[in-house]
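*Asks:* Take this structure, written in structure tokens, and hold onto it; I'll ask about it next.
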Amino acid sequence: MESLGNGTLDVSVTKKFGQRVQKKESEEKKRCSPRLREIHESKRPYYGPPRKHHPPILLEGLDAAAETPSAQLSAFSYVPHTRTDKARVKKALRIYNKYYLHFFQQEEYACENDTIPLAKHLDLKQKEGVCEIGGKRPDLKAISKMIECNEVLFPTKRFGHLPGIDVGYQFYSRAEMVALGLHSHWLNSIDYMGVSCKITNNNLYHYLLVQEEFKGYTFPIAIAIVLSGEYEDNSEDIVYTGEDGNRFTGSEHQEMSCGNLALKNSMKQSIPVRVIRGHAGDNHLKIYTYDGLYKVSECWPAEGVSGFVVYKYLLKRLEGQPKLTSNQVECSNGRSRVPAKAPLMVCLDISEGQEDVHIPVVNTIDDTTITGFTYTKYNQILSNLKLPPNADGCDCKGSCKNPKRCSCARLNGVDFPYVRSNGGRLIEAKDVVFECGPNCGCGPGCINRISQQGIKYQLEVFRTSDRGWAVKTKDFIPSGAPVCEYIGELRRTNELDSVAENDYIFEIDCWQTIKGIGGRERRLGDVFDLGRRDEKEFAEPEFCVDAGRIGNVARFINHSCDPNLFVQCVLSSHHDLKLARIVLFASDDIAPMQELTYDYGYALDSVVDKNGKVRMLPCHCGTSECRKRLY
């Protein structure tokens, strides 16, 4: 796993092995399916015009007359967000989520024979004070692991905006902010730079750099605060109450020390602080939104509600930042939410009651309706296609609990691929996930059958102005959660008719998913040794799922060059990779009212019509990673 710390890349190694690696990847990316054609070597993929590098934007609102030290407040005066910055933020959060789910799984195993439910078990540990980093809570252990492996994105405290974290970015736990370095305390409301920096063997150079950069500052200095929602504010101006005194001194009165003193020093030196606002989201979900930079303009002591002394701070939001609406920026994690427009034309349920959760169709653009389509919950097997026999199952009873004794779990490695958190989540993307099947002794509630439990989230099909039909979620979907399976008619690819006009064909290509061919993300490691298998076995996909006439909600999910879903091959009834189930999982936490997307994985210049002419389709995903063309 690549570190997200301050490590450097050995240039000599890159030069030595660069050509060989590039050649291997290019050979993989050239491979196409039967309905595609091989890309000519003279043609290079087109990913749009070169990115324009705009000069950094100077934020307004700072007091130019204030005395500032040598750093000149450069950290919060400029916002140099790039695609690379945002990709590093996403990668760091995915690493945190993977660690969190691994440690959550350990808690599940520890609680197997406990009469206390897992959720209550973790809550009791928190109340008993076992909350320090390195304790028993999975989120805190995940943070410790990232610190230990030098994978915190910004491990050193710094002023101002952080590259890749836009104003309006939303988090679903304080631990996520610690994983990035936006706010380095999972409990304290005020994050600040202390009076001195400790020197260790691996940060001596950085210590010297910090000593020079911040020469002349008066410490401690506040860099970020978290608002819990009970403060008087109108978004642009905030009256913030300082930290409790008894947390540090045992006194009921607040004292001008630690975080409180840091805020006062920030005011004296005209250093803005990052403000993160905690508030209740949909379904009572706790959300933290980064509201941007605020200047501490006033500080005064006051009498609190309980009669004890508290310190008040007036925070004024700096100009030149995105405007706030209802204490939130109208975007989440860099993606705009799907706007609601009127009038609405609503079809009650596209699934016609087949799914446990209703899936309405909302049309906000025109009078177009979905025609020539039949909804089905299960793949339809054509009469000329024979499925492999069911695989031998495990002999577990009721529900599989011990991965060492479950023969299905052993195919995935040493543990089950899922945890029960939030109704079931995949810990990390795998080459192939082996689930329990019809010959297993366990029941439908088994932890190793998570993707077989149907659609659990409230989805909605809606009409877009330039991308046809699309799907959004009305619920929060946590990373690793199965969203839906791609359903349709199971066919042989060489028996397809009019494939050039059919955009709903999903080829069952596990080799493409495993090796990251096209736009798909390469897997971190093999579940089993595919290198020993004959690659000719995967030369071309033999089967596909055709959702042109018959299918489910997955056929309406659009492509994106920066998707929030990923494709996962799953084997449950049998173990034939050529006929694996195609399941879409959440690659990141997905906020309510966001569109669902995945990467279709086309190779550019590879789709041809019946006359052999290359077809081109522009991409309208609108993300910063857009390749400008779908194929």
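The values are calculated or read from the model by the stated rules, or taken from the named source; none is laboratory data. Small disclaimer: the values here were computed from a predicted structure and weren't measured. Glycine also receives a Cβ, built like all others from the backbone with ideal geometry; neighbour counts cover every protein chain displayed. Note: areas computed on protein heavy atoms with side chains; ligands, DNA, RNA excluded. Shrake-Rupley method; radii C 1.70, N 1.55, O 1.52, S 1.80 Å.
*Asks:* Here are some pairs, 386/578; 86/145; 141/397; 472/578; 86/323; which of them have Cα atoms lying more than 24 Å apart in this structure?
*Replies:* 141/397; 472/578
*Asks:* Here's a follow-up. Could you tally the net charge around residue 174, taking each other residue with its Cβ under 12 Å from the Cβ of residue 174, Lys/Arg +1 and Asp/Glu -1?
*Replies:* Charge balance near residue 174 sits at -1.
*Asks:* Reported to two decimal places, what Rg/Rh ratio describes region 342-439 when computed on Cα atoms with Rh from the Kirkwood expression?
*Replies:* So for region 342-439, dividing Rg by the Kirkwood Rh gives 1.12.
*Asks:* Efficiency by 1/(1 + (r/R0)^6): what FRET value for residue 316 and residue 453, r their Cβ-Cβ distance, R0 = 56 Å, to the nearest 0.05?
*Replies:* Given R0 = 56 Å and the Cβ-Cβ separation, E is 0.65.
*Asks:* Write down the accessible area per residue of region 376-502 in Å², having rolled a 1.4 Å probe over the full set of protein chains.
*Replies:* For region 376-502, the solvent-accessible area averages 43 Å² per residue.
*Asks:* Here is a further query. Cα convex hull of region 377-490: how many Å³ per residue?
*Replies:* 144 Å³
*Asks:* Just subtract the alpha-carbon distance of residue 106 and residue 349 from 0.36 nm times their residue separation and send over the number in nm, one decimal.
*Replies:* 83.5 nm is the gain from fully extending residue 106 to residue 349.
*Asks:* Sum up the charges of everything whose Cβ sits under 9 Å from the Cβ of residue 447, counting Lys and Arg as +1 and Asp and Glu as -1, but leave residue 447 out.
*Replies:* Value of the local net charge: +2.
*Asks:* Moving to a separate point now. Between residue 156 and residue 297, what FRET efficiency comes out of the Förster formula 1/(1 + (r/R0)^6) with R0 = 30 Å and r the beta carbon distance, rounded to 0.05?
*Replies:* 0.65
*Asks:* Can I ask one more? Contour minus end-to-end for residue 149 and residue 402, with contour as 0.36 nm per residue of separation and end-to-end as the Cα-Cα distance?
*Replies:* 88.2 nm
*Asks:* Still on this structure: Counting only protein heavy atoms and using a 1.4 Å probe, what share of the accessible area of region 536-631 belongs to carbon plus sulfur, as a whole percent?
*Replies:* Percent of accessible area from carbon and sulfur atoms in region 536-631: 48.
*Asks:* If you don't mind, there's one more thing I want to ask. Test of understanding: what is the full-extension gain from residue 576 to residue 218, defined as 0.36 nm times their sequence separation minus their Cα-Cα distance?
*Replies:* Roughly 122.3 nm would be gained on extension.
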